[in-house]
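Written out below as structure tokens is the structure these notes cover.
The values are calculated or read from the model by the stated rules, or taken from the named source; none is laboratory data. A quick note: this is a predicted structure, and the numbers were derived from the prediction, not measured. Heads up, the Cβs are rebuilt from the backbone with ideal geometry, glycines too, and the neighbour counts pull from every protein chain shown.
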């Protein structure tokens, strides 16, 4: 898909790459501060989970372009052991420091849409989106640019 | 060039905070020297560490202020003040993002607590409704009173702008009961004239879609200054034997959408109302 980015995550260095790509995508789509930071933070929280709890995984990022809004789609997936109790993980996180509100629940709170699909033994896929409005003036400008 | 400005590290902060200030200063200067994702990431890690160590957002602010004050004028290779201010802002924002996660969590908890309180209040009001309904049974014109009570209770419980309770049979008297803000002529006209048969029959609680609401037509008498309806929730009044004996309509002009909680409350109220109305019918037929 056009504009799709994939980052394989195994190490801390990959986490930095994923953050940078997510932030750059948000900025390209016209997200204004603090949204690029929040998107980078949500990606960081999930990338940390991959490095710390699973070992490796993949982060896919895509621009979402609709008539009235722009969005950033982030899919974080792994083929680890999966999460036995997704509701509890969304409430408390996956790590031993659960309950602070960081990790999975923290990422959920920073994004507009958040979905976790996980089954024990079959890995986990987290899909999250953040949106911004695309106003009339912006659409008119884009139309004019396309004509020119 | 000597450093100038704050010296928070030496101000007698607890050891944890001192260590945090020192780490913040070092990472901040790394970012100022080389602004990139790798050095910016350290701000995120510091914010996370602060949250895990129980430091407050004010600790982060103090560390940032000290870091900035001790960096301005220091010979670290950045002479552009504007660039320094922007970079400092980016670094601080990154550190704050972990606190934002926690803050949003508090907000969720607060909203959940408010919902709990609302549920408790609803339970209390439904109990009052049962008591009032029992009293209405003994009064003359008890069906009027009962329908009015249902309309008032439903509106109060859901905080809707208007509630209509409409018996099923067209020759029923009264034709309908309404509750809306006192003295609001727009809602009064709406409640009097709107033809709820346009909604159609429903088997359970139903939230009308935007298209369905826009398709509803008001008679000329109510069209002028009519409320701009944005939300409509309807539930049937069903007797124990399954007969449809009427419907309850909640209507909103405000942006607030009806929620699943409103639906649940309306269903509960509709069941209690249907039973009470059937009792009125039973007692009326005996006297």
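Of note:
- Scanning region B:188-218 for residues that are in a loop (DSSP other than H, G, I, E, B) and crowded, with 18+ Cβ neighbours inside 10 Å yields a count of 3.
- Residue count for region A:32-56, restricted to those that are in a loop (DSSP other than H, G, I, E, B) and more than 13 Å from chain B (Cβ to nearest Cβ): 2
- Top-ranked residue of region B:80-96 - restricted to ones that are out of contact with any helix residue (DSSP H, G or I) (no Cβ under 9 Å at 6 or more places or on another chain) and within 14 Å of chain A (Cβ to nearest Cβ), ranked as nearest to residue B:66 (Cα to Cα): B:89
- Strands (runs of 3 or more DSSP E) wholly inside region A:57-148 that include at least 2 residues being out of contact with any helix residue (DSSP H, G or I) (no Cβ under 9 Å at 6 or more places or on another chain) and in contact (Cβ under 8 Å) with a residue 24 or more places away in the chain: A:57-65, A:69-78, A:124-133
- Condition met for residue B:277 (assigned to a loop (DSSP other than H, G, I, E, B), assigned by TED's automatic domain parsing to the domain that holds residue B:190 and surrounded by 14 or more Cβ atoms within 10 Å (Cβ to Cβ)): no
- Residue within region B:97-118 that is in contact with a helix residue (DSSP H, G or I) (Cβ under 8 Å, 6 or more places away or on another chain), surrounded by fewer than 13 Cβ atoms within 10 Å (Cβ to Cβ), assigned to a helix (DSSP H, G or I) and touching a residue at least 60 places away in the same chain (Cβ under 8 Å) present: yes
- Filtered residue count, region A:8-31, keeping only those that are touching a residue at least 12 places away in the same chain (Cβ under 8 Å), within 12 Å of chain B (Cβ to nearest Cβ) and either in contact with a strand residue (DSSP E or B) (Cβ under 7 Å, 6 or more places away or on another chain) or not in a helix (DSSP H, G or I) (or both): 5
- Set side by side, the residues B:267, B:251 differ, and just one is in contact (Cβ under 8 Å) with a residue 40 or more places away in the chain, assigned by TED's automatic domain parsing to the domain that holds residue B:148, closer than 27 Å to residue B:127 by Cβ and assigned to a helix (DSSP H, G or I), which is B:267.
- Residue count for region A:39-73, restricted to those that are surrounded by fewer than 23 Cβ atoms within 10 Å (Cβ to Cβ) and under 13 Å from the mean Cα position of the chain (by Cα): 9
- Single match in B:67, B:47 (criterion: in contact with a helix residue (DSSP H, G or I) (Cβ under 8 Å, 6 or more places away or on another chain), more than 9 Å from chain A (Cβ to nearest Cβ) and assigned to a helix (DSSP H, G or I)): B:67
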